[in-house]
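The values are calculated or read from the model by the stated rules, or taken from the named source; none is laboratory data. Model, not experiment: these values are computed from the prediction. Here the Cβ positions follow ideal geometry from the backbone for every residue, glycine too, while neighbour counts run over all protein chains shown. Keep in mind that these areas ignore ligands, DNA and RNA; they rest on the heavy atoms of the full protein, side chains included. Shrake-Rupley method; radii C 1.70, N 1.55, O 1.52, S 1.80 Å.
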Amino acid sequence: VSKVIKDQFMNGIILRPGQILSVEDAMNIAKNYEWEVELIHEQEINPFDAIVSAYSDAYKESSRLVQRPPVVTVMGHVDHGKTTLLDRIRKAKVAEDEIGGITQTIGAYQVEVRNKKITFIDTPGHEAFTEMRARGAQATDIVVLVVAADDGVMPQTIEAYNHAKTANVPIIVAINKIDKPNANVDLTKQQLASKLGLVPEDWGGDTVMVPVSAKTGKGVEDVLEMILLVAEVADIKCIPEGNARGIIIDSRLDKAVGPLATLVIKDGVLKPGSYVVAGSASGRVKALINEYGKRVKEANPSDPVQIIGFDEVPDVHSIVYAVDDLDTSRSLADFAKSQAQKEKSVTTKRHVRLEEFLSM
Ligand code: GTP
Ligand code: MG
C-alpha cells in the first residue's frame, strides 16, 4: 500500500490508505505494476461510509483521543421539572451579563463547574438516542432522569429510561420537588427499583440518585458534581483535531440568514470557512454563532454552535461532516439526495399500489 501511495505521489496523485478508487483509476494504477486486472463485480458505494470508517479507525488509535466535556440530556415525565432544573443550572452557572443573551438560546448550552465544562441539550427527541448510535455518533453521553418526588415513576419516566437504556447511556436520577410537603423520596426510590430496576447507591445498588429542588436550588450543585463524576468514569473521548463531525439538534430557515443549524460538535474543530455536508445539505460555513448569539472563530468537541452557510435546511439529527473542499461536500450531498429520491420513489410506488388495491 505504501509503495503504491508513494509511486502515485510521485505522479502528483495523492492517495490515502483505505481510499476507494474508481474502477478506471484502479485499472490505470495497476497498469504501472504490470498487474492484470479483471472486473468481476461492480457495486455502488456509499461515500459516507468511507468517512464513517475513517473516524472509527481514528478511534482505534487511543493515543489520538482526548477527553471532552460530557453532553447531558435531561429527560423525564411531563411537569416533573426538567425545564426548571435546566434554568436553575443555567442561572447558577452562567454569568449575569450573559443571561440576557440566553433568551435567544439555541436549545443547548454549556456551563462550567470548577473549570470543567458540561453541555446540556434541552430536548433532542427520542431518535437521538437510538438512531445516532447506529450511525456511530451519539447525541448524548449522560441522561439526567428527572422524577418528581410528589408524583413518582410515571409512563414517560419509563419511556425515557428505556431510550437511555437502549442507547446504553449512563443515567443519573434527579429526584425533584423535594421542597414539596407531599414529596416522598423513599417511595420514589422504591418505585425506581421495582419498576425500572434502578437501585440507589445508598441501598447497595449502582444508580446515582440525587434529591433536588429545582425551585429552591437545593441539591443542584450535587447533580452537577455527579455529572462530572459519571463523566469521568464513562471516559468520554473525542478526536480533538482535524475535520469536525457533529450532530444537528435543531434547524430552521431564518429570514435574515437563510438555513440555520444548531449542532453539538463530536470530533475535530469547526471553523468559519470549513466545508460541510449534512445529508443532502452542503455548503461553506459563513459564520459560527455560540449560545449567546456571539460569533466565534472555532467550535471544539462538545461545544454547541450554530452554523450559517448551508444551502438548504439540514434534517435534525443528521450528522454534519466537515470535508476538505466544496466539491467533496457537494458530491456527498448529491449522493444523499439521490438516495433520498430512490427511497421516495419506492414509497410512492407502494402508496400507488395501496390506492389501486383499495379502489378495486
Ligand atoms: P414539560 O416540559 O411540560 O414536560 O415539563 P417540565 O418537566 O419541563 O416541567 P417544568 O420545569 O415546566 O415544571 C413543571 C411545574 O413544576 C412548574 O410549575 C414548576 O414551577 C414546578 N416545579 C419544577 N421543579 C419544582 C420543584 O423543585 N419544586 C416545586 N415545588 N415545583 C417545581
Ligand atoms: Mg419543559
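Considering only residues of segment 50-95 that are of a type in the set (G, A, S) and closer than 29 Å to I239 by Cβ, which is nearest to ligand 2 (Cβ to nearest atom)? Of everything passing the filter in segment 50-95, S56 is nearest to ligand 2 (Cβ to nearest atom). Between a residue in segment 317-333 that is charged (D, E, K, R) and open to solvent by 50 Å² or more (accessible area, probe 1.4 Å) and any residue that is modelled with pLDDT of 95 or more and not in a helix (DSSP H, G or I), which pairs come within a Cβ distance under 6 Å, given they are 6 or more apart or on different chains? Qualifying pairs under 6 Å: D325/Y275; R330/S282. Looking across segment 175-196, the residues that are of a type in the set (A, V, I, L, M, F, W, C) and either open to solvent by less than 10 Å² (accessible area, probe 1.4 Å) or under 28 Å from the mean Cα position of the chain (by Cα) (or both) come down to I175, L192, L196.
Among the residues making up segment 173-195, those that are touching a Ser or Thr at 6+ places or on another chain (Cβ under 8 Å) and either among the aliphatic types (A, V, I, L, M) or without any contact (Cβ under 8 Å) to a residue 12 or more places away in the chain (or both) are V173, I175, I178, L192. One residue stands out in segment 150-162 among those that are part of a helix (DSSP H, G or I) and surrounded by 20 or more Cβ atoms within 10 Å (Cβ to Cβ): the one that is modelled with the lowest pLDDT, namely A160.
Quick one: which of L253, L263 is surrounded by fewer than 21 Cβ atoms within 10 Å (Cβ to Cβ) and either without any contact (Cβ under 8 Å) to a residue 24 or more places away in the chain or in a strand (DSSP E or B) (or both)? Break it down stepwise before answering.
Working: L263 fails: surrounded by fewer than 21 Cβ atoms within 10 Å (Cβ to Cβ).
One residue alone meets the criteria, L253.
Out of all the residues in segment 197-227, which are among the hydrophobic types (A, V, I, L, M, F, W, C), in contact (Cβ under 8 Å) with a residue 40 or more places away in the chain and open to solvent by 20 Å² or more (accessible area, probe 1.4 Å)? Once the filter is applied, which keeps residues that are among the hydrophobic types (A, V, I, L, M, F, W, C), in contact (Cβ under 8 Å) with a residue 40 or more places away in the chain and open to solvent by 20 Å² or more (accessible area, probe 1.4 Å), segment 197-227 yields only M226. When the test is whether a residue is open to solvent by 10 Å² or more (accessible area, probe 1.4 Å), under 24 Å from P70 (Cβ atoms) and not charged (D, E, K, R), A234 passes it.
From the set of residues in segment 69-88 that are closer than 18 Å to S302 by Cα and modelled with pLDDT under 90, which is farthest from ligand 1 (Cβ to nearest atom)?
Taking segment 69-88 as the starting set, the residues that turn out to be closer than 18 Å to S302 by Cα are 69-74, 86.
Now restrict to residues that are modelled with pLDDT under 90: 73-74, 86.
Values: T73: 13, V74: 8, L86: 8 Å.
Filtering first and then ranking leaves T73.
When the criteria are applied in full, I45 fails the requirement of being touching a residue at least 12 places away in the same chain (Cβ under 8 Å) and surrounded by 15 or more Cβ atoms within 10 Å (Cβ to Cβ). The residues in segment 273-302 that are part of a loop (DSSP other than H, G, I, E, B), farther than 21 Å from I51 by Cα and modelled with pLDDT of 95 or more can be counted, and the count is 2.
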